[in-house]
Amino acid sequence: MVLTEEKVRALAAIARLGITEEELTALTIALNRTCQYIAEIREAPVPEGITEAFGGEPTNTGREDQVLPSWPREAVLRNAPEQANLCFQTPRILED
Amino acid sequence: MEMTKMNVGALRKALDRREISAVELATYYLDRIAQLDPQLKAFITVPRAEVLQMAAAADRRIATQEDVTALTGIPVAIKDNICTEGIRTTCASRLLADFYPIYDATVVAKLKQAGAVLLGKTNLDEFAMGSTTKESFYGLTRNPWDRQRVAGGSSGGSAVAVAAGMAPLALGSDTGGSIRQPAAFCGVWGLKPTYGRVSRYGLVPYAPSFDQIGPMARSGWDLFLLFRGIAGYDPLDPTSLPASVEAEGDLSGSIRGLRVGLPREFFGAGLDGRIKERVLAVAKVLAEAGCELMELSLPSMAYALPAYYLLAYAEASSSMARYDGVRYGIREGAEQGIVGMMTATRQSLGLEVKRRILLGTYFLSADCYEECYQQAQKVRTWMKQDFAAAYSRCDLLLTPTTAAPAFRIEGEAEDEPVLALTEQYTVAANLTGNPALSFPCGWINHLPVGAQLMGPAGTDELLLRVAAVYTENAPGEAVPERTARDVGEQIEV
Amino acid sequence: MWVSKLRYETVIGLEVHVELKTKAKLWCGCSTQFGTEPNTQVCPVCLGLPGGLPLLNKKAVEFALTTGLALNCVLADHCRFDRKHYFYPDLPKGYQITQFYQPIGREGWLEVEFADGPRRVRIKEIHLEEEAGRTYHLPSGPDGVASSLLDYNRSGIPLLEIVTAPELSSPAEARIFLEELKAVLECLEVSDAKMEEGSFRCDANLSVRRPGEKLGKRVELKNLNSFRAIEAGLVYEEKRQRELLAQGEPLPYEEVRTWDEEKGITVYMREKEQAADYRYFPEPEIPPFAIAGEWVETLRTNLPELPLEKRRRYREEYRLSATDAALLSRRKAEANFFEATLQKYQGSAQTVANWILGELTRLMKEEKAEVTNLQFSAEDFAALLQLQDQKVISSKIAKAVLEEMFRTGTKPAVIIEERGWQQITDPNIIKTLVRETVVANPAAVQDYLGGKQKAFAFFAGDVMRKSKGRVNPELLNEILQAELERHRSVGNSGYQSDRQ
């Protein structure tokens, strides 16, 4: 597992993560170090019969289909960076 | 009155006898924070007006003696990744510099209901990702025993608040050791409860299948009181354990006949010999108290750290996806269109958080998923089985909390192998979901050393009981009786 | 156009998103009500605020299981969820909670009656997931900057995605399949399934090929917001792709296109990301939910008769026309009323069908009423039809009685009695009435005898008017004709010669 700067840049794009050129260099080194470190897990002698754990044991917690009060809109919008017409506002989202 | 020397029980008595008022107590701590915190930086936010309001309300409750609990009027510091309604919750991130939650985390609601006074929001590594409390947008937290050393992390602020007597109690959160490691570094007690015993509702997620809120305090009994105040089934948390796991009423039970395991993998290469010595001294005290010691082996431990990194970072990359600048938090680059805005907003995250997001994104990508992520899930299952097998032979495990005492801010704290070393003993409890307690067990020069007790799910109280017995029977110098006051004196005010 | 239909095969697969009609959302207690003010049905959970935790609404699982049973799916023994990551402002957590690794149902089928007969359409899978918020677009303001608005009321409403195998062979079949699916969902009462409210949405994948050749590159079609749009969009796309193939220019890559309703064309949106990496992984916060066998069996037992079975039964058992069978079986309440009426009624099922689909539907439409809140019972309705059959009242009177029942809930016999609306069937009374009008209108008698059929209608109408419609029409016709013909025989000797 070797991550090139290109690959790291691509990962950052997937994660919508702005990184500077300086950060890119530092992160590429750091990422490769961790990847090298974790690579040994592929050789872990996991005993026979262990399949991939899948989010733990079933607990069957759930709720009944009952409507509860929602939060007041003023509270909900209070943290909005921008708002308009009772909605959260963003730059124009291009329809895709 | 030497309030920082008093434990919570003594404070309770003083409050109930009206020797002090909750407002006086709160004021005392607020003043102490004002005095010490500029140098230690344990707090991000101290909402003085709200604190005094809560204290006044507690005084009214005490006056009428209605609904007074163990925690009524007792100040509690809250790690700043736990949501507090109307009180800024930053997660030590620039991104949430102006984020005021619209609801209380369940633990906060419980504390408020009990009449506790929320003292302030404590510093942490950004989004709890780190083990130094250096990765905070609001400045690094210093270890009160040696300000050139780290407090540990990510609950460094909570550990320091308690250690330096700026709060009698604090809440931390623990994903891979974030309560226990700073507790060990700062000479206080810290419990990572059984997964599901304390509600996560309102805890800002880092890696939700690992995260757990827990108490930090200067003594076992104080820790127990806070734990009892926050534990319990919560219908708002899908992973909350049913109420059948009830908190025990006290810590007085005998520990005679308990089998204490010393797992080989926790005493091997990389461990500071002096720490090993202190922890074995704990074992000796426990043996004298009637415990049976046994050595055993946990082969799955060899892969604990890689499994933790893979799974926790994968979850972290997912948890962090919500910060897109649309609904809350800061917004940058709005002029660059929607994708540009999201990217620019997230650019303000710190390097450590970015590192984990990128790794997590990579681990979940098609390139890695089957070979690494799924393998890590298998290792996690293996570890659960491995530990369950160990617990069929012994009742609990005694290990060091960290491989070394608090390290220097310059140099060591940037060295990844050193950082990894501090996590290797703590991640197992998060991977298995079992409880783990760190408690002070001596010194290396002026630096505290922590020992860790682990047990099967639901044994949280048992761990406390055993550690309390150790503390009672330990040679005087082993336990940090050098209290917060002394710490305060070390600081040039 | 020289492109012959015979030379190409069309292959269509559908992805249908259905909003389940739980009262509360999938993970929180916020209401799912449609059409309320923006951001009034939100909370920390469905807004994706840090620290909010999802708690599964068990009713949504039940609805998904019920649908799975109706679609003959193999049901999972555990309900598990996964996270699907992508960034979009309407997705508050940056991931959608869905079922990727283990859909709640797999390998099902739905039998559909196509133009060339019935056929099972395979269902690849059905899975539960959460709905995203809604985006509105604001035109540029005075500052010239366009923006978008987000309303999260819809965020977290339970969705069921139903994916068919690619085995629909024409746009018409796609429409027929969707209509059948919609009817099934309505019948199960798991969804409102209203396209106009977005609670039933469909994306379609279409490709064409020459018979025996491998499938061409497929196009995913979006923005199909009505059954008409689905068929029209697919027809357009089918033709476009056939022409390209005929010109030797098969599609170079898979793409996503949108249906432009106004222009009636499909428009290129983007290349379909082959390697779109959604970084799925098991949702770490939601423990698996074990689906008990007994639960499934109870749901299976309670499964209603599905529209197709019902239609078939209406055609075969009740001999209804295909159209009437389809109309009546479409809505459960009406079908139930139909069958309840039949239980008490001796006459033909077709009569009941005619009355429900005719008069009753008209009245309900006018008064905006539902069959479930009628003032009268199916038994009363049967009694009314019975009275008509027994010629106690005419069909015209029966309509008036029904209106009265509809308004007041009074029993038909009581209405008829009170109003004196019983039919006149006594031939002597009718004869008297007929004679009166015939005597009073000699000119019309002459017209009739002269061959003007209109004159007959005039006499019949006059009798009906005078009797307030109560005279039995068959008897009236019989007696009136006899009376008029009697004049003809009388007149044969009297007037005929004069005319010659």
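The values are calculated or read from the model by the stated rules, or taken from the named source; none is laboratory data. All values derive from a computational prediction rather than experimental measurement. Positions of Cβ are generated from backbone atoms using ideal geometry, with glycine treated the same way; all protein chains shown enter the neighbour counts. Note: accessible area is taken over every heavy atom of the protein model, side chains too, but ligands, DNA and RNA are not part of it. Shrake-Rupley method; radii C 1.70, N 1.55, O 1.52, S 1.80 Å.
With all protein chains kept in place, the per residue accessible area of region C:349-500 amounts to 56 square angstrom at a probe of 1.4 angstrom.
With helices as the sole contributors, chain A gives -11000 deg cm²/dmol at 222 nm; each DSSP H run of n ≥ 4 counts as -39500 (n - 2.57), and the sum is divided by every residue.
Per residue, the accessible area of chain B comes to 30 Å², computed with a 1.4 Å probe over protein heavy atoms only.
Per-peptide packing, taken as the mean over residues of other Cβ atoms within 10 Å, places C:39-47, C:299-307, B:329-337 in the sequence C:39-47, B:329-337, C:299-307 from highest down. For chain B, the residue among B:Leu119, B:Gln424, B:Ala436 whose Cα projects farthest onto the positive side of the dipole built from Cβ charges is B:Leu119. Reported to the nearest whole Å, the Cα centre-to-centre distance from region B:1-65 to region C:200-227 is 68.
Shape of chain B from its Cα gyration tensor (a ≥ b ≥ c, root eigenvalues): rounded if a/c is under 1.5, otherwise prolate when a/b > b/c, or oblate? Rounded. Within the set of other residues whose C-beta is less than 11 Å from the C-beta of C:Val296, count the net charge using Lys and Arg as +1 and Asp and Glu as -1. Within the 11 Å Cβ shell, the charges total -3. Normalised per residue, the accessible area of chain A is 56 Å², obtained with a 1.4 Å probe and no contribution from ligands, DNA or RNA. What is the sum of charges around C:Arg407, taking Lys and Arg as +1, Asp and Glu as -1, for the other residues whose C-beta is under 12 Å from the C-beta of C:Arg407? Result for the neighbourhood of C:Arg407: -4. Taking only protein heavy atoms and a 1.4 Å probe, the accessible area of region C:305-419 is 45% carbon and sulfur. Estimated from helices alone, the mean residue ellipticity of chain C at 222 nm is -12500 deg cm²/dmol (sum of -39500 (n - 2.57) over DSSP H runs with n ≥ 4, per residue). With Cα atoms defining each centre, region C:114-128 and region C:273-316 are spaced 15 Å apart in the structure. Note on chain B: helix-only mean residue ellipticity at 222 nm, from DSSP H runs of 4+ residues weighted -39500 (n - 2.57) and normalised by residue number, equals -12000 deg cm²/dmol.
Result for chain A in a Gaussian network model with C-alpha springs under 10 Å: among A:Arg33, A:Arg63, A:Arg73, the largest mean-square fluctuation is at A:Arg73.
The overall shape of region C:72-147, judged from the alpha-carbon gyration tensor, is oblate: a/c is not under 1.5, and a/b is no greater than b/c. For region C:269-342, the ratio of Cα radius of gyration to the globular rule of thumb 2.2 N^0.38 Å stands at 1.95.
Taking a straight line from the alpha carbon of C:Lys431, these lysines sit under 22 Å away, with near neighbours fewer than eight places off in the same chain left out: C:Lys391, C:Lys396, C:Lys452, C:Lys454, C:Lys466, C:Lys468. Averaging the Cα positions of each part gives two centres, and for region C:387-403 and region B:94-171 these lie 83 Å apart. Using only Cα atoms, find the angle between the long axis of helix C:58-70 and the longest principal axis of chain C, and express it within 0 to 90 degrees, rounded to the nearest 10. Between helix and principal axis, roughly 70 degrees. Cross-link check: pairs C:Lys23/C:Lys58; B:Lys378/C:Lys124; C:Lys93/C:Lys272; C:Lys21/C:Lys194; C:Lys222/C:Lys263; C:Lys217/C:Lys239 evaluated at a Cα-Cα cut-off of 18 Å; pairs beyond the cut-off: B:Lys378/C:Lys124; C:Lys93/C:Lys272. Chain C and chain B together bury an accessible surface of about 2700 square angstrom, both sides counted, with a 1.4 Å probe and no ligands or nucleic acids included. Bridging of B:Lys79 to lysines at a Cα separation below 19 Å is possible for B:Lys41, B:Lys110, B:Lys112, B:Lys121, B:Lys134, B:Lys192, once same-chain residues fewer than 8 apart are set aside. Seen through its C-alpha gyration tensor, with square-root eigenvalues sorted a ≥ b ≥ c, region B:259-392 comes out prolate because a/c lies at 1.5 or above while a/b is bigger than b/c.
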